[in-house]
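**Student:** A single structure is presented below for examination.
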Amino acid sequence: MSIQKGDFIKVSYTGRNDDRVFDTTDEEVAKANDIFNEKGKYGGDVIIVGSGHVVEGLDEDFIDKEVGYRGSITIPPEKAFGQRNPELIETIPITKFDQRPQVGMYVQIDGRTGMVTRVIGRMAQVDFNRFLAGQTVTYEYEIKEKIEDTEGKVHGLLGLYIGKDFTIQIDGETLTVEIEPELTFNQRWLMSKRLIANEIINNTDIKEVLYVEKYNSEVLAPKTSE
């Protein structure tokens, strides 16, 4: 049966811009192109088709394909990372920065992330446009699997957002996710946990999501310096 909107699929892909790899689910490709993240999760992502987990042009291309399909697609800016907005390029006094800005440095100013593109005297030009805005990109991808079971869907979404495995338990319509105590200080987790619960409830038979912190003697034991 062909892939349709709302399906959970596992997909591997590599995104390029002018032959430069900017994103990939392949660990070896990431290492070869100096974009490897040792905290990243490789081997493929589980996504919900049509939910915006990937850029719009790629998301649309999954429709009516079959599991096992391999192909590539070239995507214009409006269906990739958007058009560039000149108004998002701003000149800012260097006193606003935590450290002296350098060209190519990513910075956060007033809660926004941008890249320093120019430094002149006491002023720095910062581009707050989305990464690859205004660029045409190409994706090579493979649809590896269609996920049908609830447990697989839950693990897939947790892996997509947090990049790690969790211990879960499903009891009827209630899902319990075991959380490591240190994760409660993880900004990525704090920003994603509500969204993850919402997507699980809206796209599976689960009606309630419980996040449970687990403590034991190992977790609570004082750490000794080496």
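The values are calculated or read from the model by the stated rules, or taken from the named source; none is laboratory data. Since this is a predicted model, take the numbers as computed values, not measurements. Using ideal geometry, Cβ is built from the backbone for each residue, glycine included, and neighbour counts are taken over all protein chains shown.
**Student:** May I ask you to list the residues in the stretch 118-133 that are surrounded by 15 or more Cβ atoms within 10 Å (Cβ to Cβ) and on the phi > 0 side of the Ramachandran plot?
**Tutor:** Result: 132, single match.
**Student:** Just the residues that are under 21 Å from the mean Cα position of the chain (by Cα), aliphatic (A, V, I, L, M) and surrounded by 15 or more Cβ atoms within 10 Å (Cβ to Cβ), please, taken from the stretch 169-191.
**Tutor:** 177, 179, 183
**Student:** Right, here's the next one. Could you go through the stretch 105-112 and let me know if any residue there is in contact with a Ser or Thr (Cβ under 8 Å, 6 or more places away or on another chain) and outside the structural domain of residue 53 (by TED's automatic domain parsing).
**Tutor:** Scanning the stretch 105-112 turns up at least one residue that is in contact with a Ser or Thr (Cβ under 8 Å, 6 or more places away or on another chain) and outside the structural domain of residue 53 (by TED's automatic domain parsing).
**Student:** Taking the options 67, 103, 46, 54, name whichever one is β-branched (Val, Ile, Thr) and not in a loop (DSSP other than H, G, I, E, B).
**Tutor:** 46
**Student:** Can you find a residue that is surrounded by 10 or more Cβ atoms within 10 Å (Cβ to Cβ) and under 24 Å from residue 77 (Cα atoms) anywhere in the stretch 92-101?
**Tutor:** Within the stretch 92-101 (the criterion being surrounded by 10 or more Cβ atoms within 10 Å (Cβ to Cβ) and under 24 Å from residue 77 (Cα atoms)), the answer is no, since none of the residues qualifies.
**Student:** Return the residues of the stretch 5-35 that are touching a residue at least 60 places away in the same chain (Cβ under 8 Å) and surrounded by 12 or more Cβ atoms within 10 Å (Cβ to Cβ); say none if nothing qualifies.
**Tutor:** Scanning the stretch 5-35 gives 7, 8, 9, 10, 11, 12, 13, 14, 15, 16, 17, 22.
**Student:** Pick from 209, 177, 219, 154: which is β-branched (Val, Ile, Thr) and either in the same structural domain as residue 21 (by TED's automatic domain parsing) or at pLDDT below 95 (or both)?
**Tutor:** 219
**Student:** What pairs come up if the first residue lies in the stretch 39-62 and is closer than 19 Å to residue 164 by Cα and outside the structural domain of residue 139 (by TED's automatic domain parsing), the second is of a type in the set (Val, Ile, Thr) and crowded, with 18+ Cβ neighbours inside 10 Å, and their beta carbons are under 6 Å apart, counting only those six or more places apart or on different chains?
**Tutor:** Hits for this filter: zero, empty list.
**Student:** Scan the stretch 101-131 residue by residue and report those that are among the charged types (D, E, K, R) and touching a strand residue (DSSP E or B) at 6+ places or on another chain (Cβ under 8 Å).
**Tutor:** 118, 122, 127
**Student:** Another question about this same structure. For the stretch 139-156, which positions are out of contact with any Phe, Trp or Tyr (no Cβ under 7 Å at 6 or more places or on another chain), more than 24 Å from residue 75 (Cβ to Cβ) and not in a loop (DSSP other than H, G, I, E, B)?
**Tutor:** If the condition is that a residue be out of contact with any Phe, Trp or Tyr (no Cβ under 7 Å at 6 or more places or on another chain), more than 24 Å from residue 75 (Cβ to Cβ) and not in a loop (DSSP other than H, G, I, E, B), then 150, 151, 152, 154, 155 are the ones that fit.
Here's the yes/no breakdown for (1) under 17 Å from residue 148 (Cβ atoms); (2) over 14 Å from the mean Cα position of the chain (by Cα); (3) among the charged types (D, E, K, R):
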{"residue": "11", "(1), (2), (3)": "yes, no, no"}
{"residue": "15", "(1), (2), (3)": "no, no, no"}
{"residue": "19", "(1), (2), (3)": "no, yes, yes"}
{"residue": "30", "(1), (2), (3)": "no, yes, no"}
{"residue": "33", "(1), (2), (3)": "no, yes, no"}
{"residue": "36", "(1), (2), (3)": "no, yes, no"}
{"residue": "39", "(1), (2), (3)": "no, no, yes"}
{"residue": "46", "(1), (2), (3)": "yes, no, no"}
{"residue": "54", "(1), (2), (3)": "no, no, no"}
